[in-house]
1. Can you tell me the equivalent ellipsoid semi-axes for region 39-166? Use √(5λ) from the Cα gyration tensor, largest first, whole Å.
2. What is the distance, in nm, between label points placed 7 Å from the Cα along the Cα-to-Cβ direction at residue 290 and at residue 82?
3. Charges only on Cβ, +1 for Lys and Arg, -1 for Asp and Glu: so what's the dipole of the chain about the Cα centre, in debye to the nearest 20?
4. List the equivalent ellipsoid semi-axes of region 14-109 in whole Å, largest first, each obtained as the square root of 5λ for an eigenvalue λ of the Cα gyration tensor.
5. What does the net charge come to around residue 134 if you take all other residues with beta carbon closer than 11 Å to its beta carbon, with K and R at +1 and D and E at -1?
6. Can you pull out the chymotrypsin sites (Phe, Trp or Tyr not before Pro) in region 12-74 that DSSP calls coil and that have at most 16 other Cβ atoms within 10 Å?
7. Could you check the simple spin-label distance between residue 183 and residue 255, using points 7 Å along Cα→Cβ, in nm with one decimal?
8. Each residue of region 105-117 in turn: what ³J(HN,Hα) in whole Hz from Karplus with 6.51, -1.76, 1.60 and θ = phi - 60°, glycine and Pro shown as x?
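Every number in this text was worked out from the coordinates using simple rules, so none of it is lab data. What you are looking at is a predicted structure, and each value in this text was computed from that prediction instead of being measured. Cβ sites come from the backbone with ideal geometry, for glycine too, and all protein chains shown count toward neighbours.
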Amino acid sequence: MKAAVFMGPGKSLEVQEIDIPKLADDEILVKVANCGVCGTDIHASKEGPFMVPLNTVFGHEFSGEIVELGSEVDENSFHVGERVTSLPFFKGQNIGLSSVTGAYAEYLKVIPDQVVKIPDEIDDLNAALVEPLAVGLHAVKMAGNIAQQNILIIGAGPIGLACATWCKFFGARNIVISEMSPARIDMAKKLGFDQIVDPKDVDNQFEQIAGGPPDIQVECVGAPGIMQQCIERAPKRGFILGVGLCDHPDTIVPLIAFGKELTIRWAVAYDKEDWEFTMDMMVAQRIDASAMITNVVSLAELPAIFDALHTPSDQCKVIIDLSR
Ligand SMILES: [Zn+2]
């Protein structure tokens with residue numbers, strides 16, 4: 001099968017012919033329809049503590065169709081031809097971020113526990129958005145009660161926008177997004193978020209919109225220094241949610257957080273119920289993130305766009321179409 005393989009930091013992915021994964025008795029083989037390119041994949045292709053081993057095949061935001069069941073898989077629960085996605089967890093490893101082949105490939109294997117069936121109302125392309133939307137849902141749930149709160153989202157990448165989408169869903173009063181990239185600002189507006197502030201002047205602009213500092217701040221950038229800015233900006237008993245991945249030491253002044261009795265919490269990934277709820281809300285047309293998809297590419301076109309995503313770019317969500 002064809003797969004886009006990680007060749008090392010600073011090098012382009014290479015589309016190669018590799019073996020179709022061999023199924024153990026308790027595994028399911030999926031033919032990939034679509035797979036999203038995630039910021040985590042970009043991160044894991046750079047030199048640093050998160051870099052994956054050479055020859056990793058990325059891809060954990062996928063949709064596809066069951067083509068084979070291992071002999072121990074319950075044939076009453078799963079059928080060849082069914083459209084599915086799966087949480088990217090596989091026997092203690094992360095699909096697409098380890099030696100377990102991800103969905104930048106024609107086929108991948110999954111385990112029954114993690115599989116989520118795709119309802120007819122959700123097409124394959126949108127099903128590839130369930131994973132990033134579930135990240136946003138899980139994060140926003142961690143912030144507790146969202147209704148009527150004034151929220152600052154820092155960073156309008158796919159995860160920032162997913163968080164904004166759920167804050168709206170849960171009835172936030174104001175959702176203000178701090179972002180400087182014109183392309184990302186356009187994307188936020190397309191999704192219905194037009195309260196955008198300049199990262200260099202967040203405090204004043206937020207105050208003008210909401211009449212006070214943000215009750216909840218959702219940090220979706222992960223650059224050193226931002227957490228301290230959040231602490232300084234927060235009101236008494238404010239809440240700060242860390243969603244952006246910062247893998248560098250970062251200095252904060254606890255005294256300021258202490259004096260305000262702040263809650264600082266981090267959130268990562270999701271549970272299966274987050275996937276199921278996301279799909280239910282997509283079917284009910286109460287969540288629609290399809291505007292986030294800016295590029296649909298073939299596997300052959302992937303290496304060039306994957307390289308482009310290493311620097312700030314116009315793309316929001318890039319999705320691979322394995323049928324192209
Ligand atoms: Zn992802």
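1. On the way: eigenvalues 158, 88, 31 Å².
Working from the Cα gyration tensor, I get semi-axes of 28, 21, 12 Å.
2. That separation, rounded to one decimal, is 2.5 nm.
3. Details: 25 positive and 45 negative charges, 217 e Å.
Its charge dipole is roughly 1040 debye.
4. Working: eigenvalues 122, 34, 29 Å².
Largest first, region 14-109 gives 25, 13, 12 Å.
5. Details: positive: 141, 272; negative: 61, 131, 271, 273, 274, 276.
Result for the local shell: -4.
6. Numbers: sites: 50, 58, 62; in loops: 50, 58.
In loop regions of region 12-74 (DSSP not H, G, I, E or B), the sparsely surrounded chymotrypsin sites (Phe, Trp or Tyr not before Pro) are 50.
7. In this crude label model, residue 183 to residue 255 measures out at 4.3 nm.
8. Karplus-based 3J(HN,Hα) across region 105-117 equals 7, 6, 9, 8, 10, 9, 10, x, 3, 9, 6, 10, 6 Hz.
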